[in-house]
Amino acid sequence: MDTLWKGKEKAHDATHFQDLDPPITYRSILSANLGVRDPLRVIALCDSDAFYAACEMVRLNILDKPLVVLQWALLIAVNYEARKFGITRMMPLKEAKERCPGLIVVHVATYKEGEPEPGYWENPDTKTHKVSLDLYRRESIKVLHVYKEGLPENTEIEKASIDEAFFDLTRPVRQILLHRFPYLAQPPDDAPDGLDTPLPAPPDLSWHQASTVIPIDPRAEDIEAVQFSPQTWHDVALSIGAELMHQVRQEIKMKLNYTTSAGIARNKFLAKLCASHRKPMGQTILRNASIPNYLLGLPFQKIRFLGGKLGVALADEFDVSSVAELLPISLESMQQRFGEESIWVYQVLRGIDYTEVKAKSALNKSMLAAKNLPTPITNIADGYQWIRVLAAELALRLTEARETTPSLWPKTIVLHARNILDRDGRKSKQAPWPFVREVTVDVVAGAANKLWREFCDARAPMKVTGVSLGFTGIEGVETGLKRLDAFLKKPSSKREFDEAEDCTSAEKPVSTRGNSFVCKRCGHKATLSPSATRSDAEREEALSKLRLEHEDFHVALELSRVPEVDAAARPAKRRKKKDEGIAKFFTRDSRDA
Ligand code: CTP
Ligand code: CA
Ligand code: CA
């Protein structure tokens with residue numbers, strides 16, 4: 001594809017971008033193994049516009065008015081109406097109000113001591129309140145559901161942060177492609193290389209109407225002529241991907257009233273990069289032919305993961321600031337300085353990114369409520385009020401999560417605190433979490449208070465500037481049972497759960513009556529689904545199956561109490577690995593939880 005290298009001056013060496021023009025053959029389109037090197041790969045990233053502000057607009061039913069979301073004194077989200085006044089995130093509120101006198105200012109919801117739920121209080125104060133992002137988390141899940149329902153089933157979806165998700169559209173796009181162009185399904189009889197014959201050129205098509213297509217050479221005079229026709233089958237695939245994204249984005253607008261923007265390209269980092277090209281309510285296609293010029297003009301810090309410490313280190317080491325300046329640096333010298341893994345950087349500069357789009361486990365394995373304390377806690381008694389605030393948040397979040405997955409069950413409750421007068425600084429205490437159906441503030445605070453007392457040493461001075469309370473090892477009971485099943489299949493010498501077995505066999509845990517039984521230990525009542533055709537014997541059998549399942553649950557529960565190294569106790573080991581190579585330059589974005 002010679003248009004790829006057509007620039008006014010030959011600003012770059014085409015050899016850097018060879019990967020962008022792979023042969024596309026009958027074998028590629030028919031291949032069942034659609035890996036990350038698929039020449040017809042289509043990846044999208046969709047990001048919600050001014051997300052927190054949008055959530056507040058929907059909640060308050062305010063549309064088309066300038067609105068900002070405040071967290072204490074900081075503007076954390078600015079809707080697009082307010083951006084028209086030049087208001088930006090992190091601008092002092094005073095200045096924002098001067099720029100736009102009619103500005104609607106919403107402070108994020110906060111937990112207040114003594115209140116079980118977050119609310120929008122007047123004059124919340126960081127000394128007495130704690131920020132709650134629950135509304136945004138909830139809305140984020142709703143958006144994700146619409147993506148899942150709206151896109152073809154074989155789309156892989158990965159939630160990437162509170163307001164964005166990646167989509168691997170390769171499979172659904174491939175299906176549509178073969179459906180629209182059935183002649184691609186089989187090489188013609190006279191094809192010289194059979195399945196390895198390149199596909200014929202695609203017919204004259206136009207790009208998906210509602211998308212912006214990044215030009216191949218923004219400086220060219222004949223932009224229209226060059227760019228407004230998909231010239232490769234990958235272009236056609238991107239355009240079909242754009243149709244799918246456009247449709248699902250409209251559904252989000254219709255069902256939830258949120259607007260979003262999307263980027264569609266050959267891989268994740270490029271999709272993310274071009275998603276912000278046209279905001280709000282826009283979507284952008286970055287075709288392979290446009291990648292070289294698009295990347296070359298870019299300060300490389302704009303690239304996902306190169307914006308942080310790694311970007312700074314690269315700029316320092318090689319005294320460069322743009323992708324164009326980094327390109328001549330050989331893979332060897334990069335690896336010498338930044339370790340093996342810097343091949344990732346080397347590839348990204350060439351438009352390559354083999355990172356998979358992978359659905360994360362539906363369950364968040366942990367939940368954490370944290371608070372930095374503007375007024376440090378200096379004695380045990382003063383800690384309880386904050387513990388209660390954190391407990392309220394955790395109780396609410398778990399209860400909410402159980403609305404979608406009723407069997408959710410955390411294994412451990414963990415309290416972390418930072419005592420700046422203690423040489424060891426940050427410490428944590430943890431305890432197994434009992435299975436309680438109703439996770440109330442009182443239950444959580446009760447357990448947390450105990451941990452707090454363990455943390456506090458009455459003889460030592462304390463100045464605690466931060467506390468957090470969390471659940472870890474959250475699983476659906478089903479998962480626990482599956483693990484149990486695997487465990488029980490091990491040879492008995494390997495089992496170490498005698499105590500747990502005793503628990504279920506020493507006493508008769510259940511009593512049976514009619515179609516149901518009540519567990520004496522936990523009060524759980526299990527009832528058989530009504531069936532007109534069941535005989536007494538079948539009923540007995542079904543009941544005993546239910547009973548066994550319930551007993552398994554107790555065994556699983558007891559097993560969970562065998563102390564296990566949990567996430568909180570693991571950082572030392574992890575850090576070691578992280579410090580190697582380029583890994584140490586990555587800092588986790590707290591919003592990517
Ligand atoms: N956010 C935050 N602190 C930051 C960055 C972001 O609290 N330093 C919150 C914002 O309030 C935002 C949400 O995370 O609404 C998503 O962030 P982002 O997508 O970066 O910005 P948006 O506000 O959604 O704006 P845009 O339309 O530009 O995506
Ligand atoms: Ca956003
Ligand atoms: Ca975002």
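The values are calculated or read from the model by the stated rules, or taken from the named source; none is laboratory data. Please read all numbers here as calculations on a predicted model, not as lab measurements. No Cβ is skipped: glycine too gets one built from the backbone with ideal geometry, and neighbour counts run over all protein chains shown.
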Does Leu34 satisfy the condition of being outside the structural domain of Cys100 (by TED's automatic domain parsing), more than 16 Å from ligand 3 (Cβ to nearest atom) and surrounded by fewer than 21 Cβ atoms within 10 Å (Cβ to Cβ)?
yes
Consider Pro200 carefully, then state whether it is surrounded by 15 or more Cβ atoms within 10 Å (Cβ to Cβ) and either touching a residue at least 60 places away in the same chain (Cβ under 8 Å) or outside any helix (DSSP H, G or I) (or both).
no
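For the stretch 33-81, which positions are of a type in the set (A, V, I, L, M) and within 30 Å of Asn154 (Cβ to Cβ)?
At the first step, the residues of the stretch 33-81 found to be of a type in the set (A, V, I, L, M) are 34, 36, 40, 42-45, 50, 53-54, 57-58, 60, 62-63, 67-70, 73-78.
Passing the criteria: Leu34, Val36, Leu40, Val42, Ile43, Ala44, Leu45, Ala54.
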If you go through the stretch 14-30, how many residues are over 17 Å from Thr232 (Cβ atoms) and at pLDDT below 90?
1
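Quick check: anything in the stretch 97-108 without any contact (Cβ under 8 Å) to a residue 40 or more places away in the chain, of a type in the set (Val, Ile, Thr) and away from ligand 2 (no atom under 16 Å from the Cβ)? Full working, then the answer.
Within the stretch 97-108, the first condition is being without any contact (Cβ under 8 Å) to a residue 40 or more places away in the chain, and the residues that meet it are 97-103, 105, 107.
After this cut, where a residue has to be of a type in the set (Val, Ile, Thr) as well, the list is 105.
Among the residues that remain, those that are also away from ligand 2 (no atom under 16 Å from the Cβ) are: 105.
So far as the stretch 97-108 goes, yes, one or more of its residues are without any contact (Cβ under 8 Å) to a residue 40 or more places away in the chain, of a type in the set (Val, Ile, Thr) and away from ligand 2 (no atom under 16 Å from the Cβ).
Of all residues in the stretch 81-109, count the ones that are in contact with a Lys or Arg (Cβ under 7 Å, 6 or more places away or on another chain) and away from ligand 1 (no atom under 14 Å from the Cβ). Show your work before the answer.
To start, the set of residues in the stretch 81-109 that are in contact with a Lys or Arg (Cβ under 7 Å, 6 or more places away or on another chain) comprises 81, 85-87, 103-104.
Then keep just the ones that are away from ligand 1 (no atom under 14 Å from the Cβ); that gives 85-86, 103-104.
Residues in the stretch 81-109 being in contact with a Lys or Arg (Cβ under 7 Å, 6 or more places away or on another chain) and away from ligand 1 (no atom under 14 Å from the Cβ): 4 in total.
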Does the stretch 349-367 contain any residue that is of a type in the set (Val, Ile, Thr), touching a residue at least 24 places away in the same chain (Cβ under 8 Å), surrounded by 21 or more Cβ atoms within 10 Å (Cβ to Cβ) and out of contact with any Asp or Glu (no Cβ under 8 Å at 6 or more places or on another chain)?
no
Anything in the stretch 126-184 that is within 16 Å of ligand 2 (Cβ to nearest atom) and among the basic types (Lys, Arg)? List them, or say none.
Arg137, Lys142, Lys159
Filtering the stretch 31-80 for residues that are of a type in the set (Val, Ile, Thr), touching a strand residue (DSSP E or B) at 6+ places or on another chain (Cβ under 8 Å) and more than 13 Å from ligand 1 (Cβ to nearest atom) leaves a count of 3
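Only strands (runs of 3 or more DSSP E) wholly contained in the stretch 363-458 count here; list those with 1 or more residues that are among the charged types (D, E, K, R) and touching a Pro at 6+ places or on another chain (Cβ under 7 Å). So that I can check it myself, show each step before the final result.
On the way: elements: 367-377, 412-419, 426-432.
In the stretch 363-458, there are no strands (runs of 3 or more DSSP E) which contain 1 or more residues that are among the charged types (D, E, K, R) and touching a Pro at 6+ places or on another chain (Cβ under 7 Å).
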Take the residues of the stretch 37-71 that are in a helix (DSSP H, G or I) and of a type outside the set (A, V, I, L, M, F, W, C): which is farthest from ligand 3 (Cβ to nearest atom)?
Arg59
I'm told Ser333 meets every condition in (1) surrounded by 15 or more Cβ atoms within 10 Å (Cβ to Cβ); (2) without any contact (Cβ under 8 Å) to a residue 40 or more places away in the chain except one. Can you identify the failing condition by its number?
(1)
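Scan the stretch 124-137 and tell me whether some residue there is exposed (fewer than 14 other Cβ atoms within 10 Å of the Cβ) and either farther than 24 Å from Ala401 by Cβ or at pLDDT 95 or above (or both).
yes
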Among (1) in contact (Cβ under 8 Å) with a residue 12 or more places away in the chain; (2) loosely packed, with under 15 Cβ neighbours inside 10 Å; (3) β-branched (Val, Ile, Thr), Val464 falls short only on (2)
Any idea which residue in the stretch 444-461 is farthest from Gln385 (Cα to Cα), counting only those that are in contact with a helix residue (DSSP H, G or I) (Cβ under 8 Å, 6 or more places away or on another chain) and crowded, with 18+ Cβ neighbours inside 10 Å?
Cys456
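Yes or no, residue by residue, for (1) in contact with a Ser or Thr (Cβ under 8 Å, 6 or more places away or on another chain); (2) modelled with pLDDT of 90 or more; (3) over 30 Å from Glu81 (Cβ atoms); (4) surrounded by 15 or more Cβ atoms within 10 Å (Cβ to Cβ):
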{"residue": "Ala271", "(1), (2), (3), (4)": "no, yes, no, yes"}
{"residue": "Leu286", "(1), (2), (3), (4)": "no, yes, no, yes"}
{"residue": "Ile291", "(1), (2), (3), (4)": "no, yes, yes, yes"}
{"residue": "Val312", "(1), (2), (3), (4)": "no, no, yes, no"}
Quick check on my filter: what residues within the stretch 216-268 are farther than 16 Å from Asp204 by Cβ, at pLDDT below 95 and not in a loop (DSSP other than H, G, I, E, B)?
Ile223
Say whether the condition of being in a strand (DSSP E or B), closer than 30 Å to Val173 by Cβ and within 16 Å of ligand 2 (Cβ to nearest atom) is met by at least one residue in the stretch 75-95.
no
Pairs, first touching a residue at least 40 places away in the same chain (Cβ under 8 Å) in the stretch 37-66, second within 16 Å of ligand 2 (Cβ to nearest atom) and acidic (Asp, Glu), C-beta under 7 Å, six or more apart:
Leu45/Glu164; Cys46/Glu164; Asp47/Asp163; Asp47/Glu164; Ser48/Asp163; Phe51/Asp163; Cys55/Glu139
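If we scan the stretch 101-112, do we find a residue that is away from ligand 3 (no atom under 16 Å from the Cβ), more than 22 Å from Glu400 (Cβ to Cβ) and surrounded by 17 or more Cβ atoms within 10 Å (Cβ to Cβ)?
Looking through the stretch 101-112, at least one residue is away from ligand 3 (no atom under 16 Å from the Cβ), more than 22 Å from Glu400 (Cβ to Cβ) and surrounded by 17 or more Cβ atoms within 10 Å (Cβ to Cβ).
Condition check: closer than 29 Å to Met254 by Cβ, within 16 Å of ligand 1 (Cβ to nearest atom) and without any contact (Cβ under 8 Å) to a residue 24 or more places away in the chain. Does Lys142 satisfy that? Even if it seems obvious, please write down each step before you answer.
Working: closer than 29 Å to Met254 by Cβ: yes; within 16 Å of ligand 1 (Cβ to nearest atom): yes; without any contact (Cβ under 8 Å) to a residue 24 or more places away in the chain: no.
When the stated conditions are applied, Lys142 does not pass them.
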